[in-house]
Amino acid sequence: MPQDPIRRSQRLNQITHAPHEQLDKAVKANAPFETLASYTRFLSAQYLFQLELKALYTDPQLVELIADLPQRCRAEQAKADLIDLETAIPAPVAGAVDKPSQAEALGWLFVSEGSKLGAAFLIKRAIALNLSETFGARHLGEPKGGRAEGWKRFIRILDELPFSEEQEREIDQGAVAAFERFNVLLEHAYATAPEAEPV
């Protein structure tokens, strides 16, 4: 029997395996859940990443494809978390994604949306630091309607889009670039960690 063709989302998982592993190692090396000070640096990177993607989450053409896209963005939650922890809002870092093609943008969103699944484990670690979905760790909270359901809906839409070969390359590039960018922001956050100060 002929094998079913590999789905786009499966291919994206495969091609991002290496940068994903690299990012996981970088996160673990910085031990964001050992101390509150380390967590605030991790949170700064999360905020910067979500802020950079805000334009994609609110892009009218992308919203046409994924109706609840604006509600999926976590930039405001991450900002509220920083305010909860009286941490300075970090300034943008040069090199943010800028006017990507639609397919490339979807690659970035694939990574951002997929990270919500991993956040289910991170929120448990955050609780040990006396943080919660309503204080300091809002951006790791369970999305409305549930993590798994939100991800399945996103993937269903992503897998069914009719793409040209060029668009397939672009979505792959976007997904890999998203992991690489978060790595850059993580390094930046831990290298320049501001002391906690009132906002």
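Some values worked out for this structure:
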{"item": "For ILE155, net neighbour charge (Lys/Arg +1, Asp/Glu -1) across residues whose Cβ lies under 9 Å away", "result": "+3"}
{"item": "For SER112, net neighbour charge (Lys/Arg +1, Asp/Glu -1) across residues whose Cβ lies under 9 Å away", "result": "+2"}
{"item": "Local electrostatic count, GLU165, Cβ distance below 15 Å [Lys/Arg +1, Asp/Glu -1]", "result": "-2"}
{"item": "The chain - mean residue ellipticity at 222 nm from DSSP helices (-39,500 (n - 2.57) per run, n ≥ 4, rounded to 500)", "result": "-21500 deg cm²/dmol"}
{"item": "Contact order relative to length of segment 86-161, as percent, for alpha carbon pairs under 8 angstrom and 6 or more apart", "result": "25 percent"}
{"item": "Over segment 8-190, relative contact order from alpha-carbon pairs under 8 Å, at least 6 apart, %", "result": "35 percent"}
{"item": "Most fluctuating residue given options GLU165, GLU86, GLU52, as computed from a GNM of the chain linking Cα atoms under 10 Å", "result": "GLU165"}
{"item": "Residue (of VAL27, LEU161, ALA88) at the positive-pole extreme of the chain, dipole from beta-carbon charges", "result": "VAL27"}
{"item": "Overall form of segment 68-199 per C-alpha gyration tensor (a/c, 1.5; a/b vs b/c)", "result": "oblate"}
{"item": "Kyte-Doolittle at least 0.5, axis length at least 27 Å by Cα - qualifying DSSP helices, the chain", "result": "102-127"}
{"item": "Proximal lysines to LYS99, defined as alpha-carbon separation beneath 17 angstrom and excluding residues fewer than eight positions away on the same chain", "result": "LYS54"}
{"item": "Shape of segment 1-110, Cα gyration tensor, a/c cut at 1.5", "result": "oblate"}
{"item": "Point-charge dipole on Cβ atoms (K/R +1, D/E -1) for the chain, about Cα centre, debye to 20", "result": "480 debye"}
{"item": "Cross-link partners of LYS25 among lysines (Cα-Cα below 23 Å; sequence separation of 8 or more within a chain)", "result": "LYS116, LYS124"}
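Every read-out reported here was derived from the displayed coordinates using simple, explicitly stated rules and does not represent laboratory data. Worth saying up front: this structure is predicted, and the values here are computed from it rather than measured. We place every Cβ from the backbone using ideal geometry, glycine too, and count neighbours over all the protein chains shown.
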